[in-house]
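Comments concern the structure below.
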Amino acid sequence: LSASLMQKRRRARSRRGANARGESQTMPNALDSLRSLRAISRGGALSAFARRFTAGRALFAGDDARDGGETDGASSARARRRREPAEIVRIDVMGRAQYYPVSAGDRSNGYPDMIVRQLCDALDARFASRKLPAERHVQQLVAAVADESDATMAAAAMAKFHHRRAAAFASMKLPRKRHGLTPSSLMMFIGACHRVGAAGAALAAAENHNAIGLPMIRPALLKLCEACEDVDQVLRVYELWQKEGWEVDGAIAEAVVIAAARVGELDAAERWLSEFKGAGIDAFDAARCETAVADKRAEMASSPDDDGGEENGGEEEGGDDAEGENESK
């Protein structure tokens, strides 16, 4: 009996060991999980089979910051291991520091040296090859804006980027929040338009920011107010602020009054100043606005007098010369 009992116990232990070994073969280990996450970050989709995660085929190839030509897994893995760090470019956006990256792949493709039209063609080529551009490519395009026509093309490129990316992510059932651009792209675009005197393009993009995929933020509208070229644009920015559902505070009130004074519309600036003072807006620096209006009024009043004085002085000198010539005769 004891021998039979010992034999049964040995069989039970061997069965438990086999079951444990079978479960360990189906459970994903840490390396499998890491590989799955890396595959997802490159644009893969999750599919479950035998308790393991594998990368399914994505609609667009993932962006690896190299844009190289190797397609086999071993070459891609070696390329990722020796990937060079991206260069961070700092630019000034109307007195505010802004940063965007330029990868080694971007440099090898010549993106930093391209003009806006060439960059638009490069982005179209990426779409055609089923390789989604990244936000840094759009920011490099915006940084290259040199005139008003470039600003218009950049706005169209941002809209295309948003819609093509949204379609790609929707096909992979990824969150919508990953479809569009970030507020830094909007700030860069406003600064570029201000630099080339295309405030109208920046204002149009802000008014259609949902269609372009640009998230609106308060600092962007404040900067846009500084870029306005006439009082009609100032009014549109003020109406857009209210349309976004934001409370009129001291920041936008001061920006509107100072912008109206800067473009020479002193009557509109004084009307807004009186309206905001009467509304009792918190943190509204009325003294600063009054100073801006007074300084602009003094500037506008002194300019014609100076010109007239110079002209009159020239006439008097000419008259004296004429009288002297008559007397000599």
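What are the residue pairs meeting all of these: first residue in segment 120-134, first residue at positive phi, second residue hydrophobic (A, V, I, L, M, F, W, C) and not in a helix (DSSP H, G or I), Cβ atoms under 7 Å, and 6 or more apart or on different chains? Once the first residue is at positive phi and sits in segment 120-134, its partners that are hydrophobic (A, V, I, L, M, F, W, C) and not in a helix (DSSP H, G or I) give Arg130/Phe60; Arg130/Ala61. Among the residues of segment 249-264, what is the count of those that are at negative phi and either open to solvent by 50 Å² or more (accessible area, probe 1.4 Å) or in a loop (DSSP other than H, G, I, E, B) (or both)? Result for segment 249-264: 3. Only one of the numbered conditions (1) under 17 Å from the mean Cα position of the chain (by Cα); (2) closer than 30 Å to Lys243 by Cβ is not met by Val196, and that is (1). Go through segment 112-134 residue by residue and tally those that are touching a Phe, Trp or Tyr at 6+ places or on another chain (Cβ under 8 Å) and closer than 19 Å to Leu214 by Cβ. Number satisfying all stated conditions: 4. Taking segment 79-122 as the range and being surrounded by 15 or more Cβ atoms within 10 Å (Cβ to Cβ) and part of a strand (DSSP E or B) as the test, the residues that pass are Val89, Ile91, Val93, Gln98, Tyr100, Pro101, Val102.
Go through segment 162-187 residue by residue and tally those that are under 22 Å from Leu221 (Cβ atoms) and modelled with pLDDT of 85 or more.
Of the residues in segment 162-187, the ones under 22 Å from Leu221 (Cβ atoms) are 162, 177, 180-187.
Still in the running and modelled with pLDDT of 85 or more: 162, 181-187.
Within segment 162-187, residues that are under 22 Å from Leu221 (Cβ atoms) and modelled with pLDDT of 85 or more number 8.
One residue stands out among those in segment 110-139 that are of a type in the set (S, T, N, Q) and modelled with pLDDT of 95 or more: the one that is farthest from Asp150 (Cα to Cα), which is Gln139. Selection of helices (runs of 4 or more DSSP H) fully inside segment 175-248 by the criterion of at least 1 residues being open to solvent by less than 30 Å² (accessible area, probe 1.4 Å) and closer than 13 Å to Ala151 by Cβ returns 183-195, 199-207, 209-212, 218-227.
The values are calculated or read from the model by the stated rules, or taken from the named source; none is laboratory data. All figures in this text were calculated on a predicted structure; none of them were measured in a lab. Methodologically, a virtual Cβ is constructed for each residue, glycine included, from the backbone with ideal geometry; neighbour enumeration extends over all protein chains shown. The protein model used for the area step is the full one, side chains on, heavy atoms only, and it has no ligands, DNA or RNA in it. Shrake-Rupley method; radii C 1.70, N 1.55, O 1.52, S 1.80 Å.
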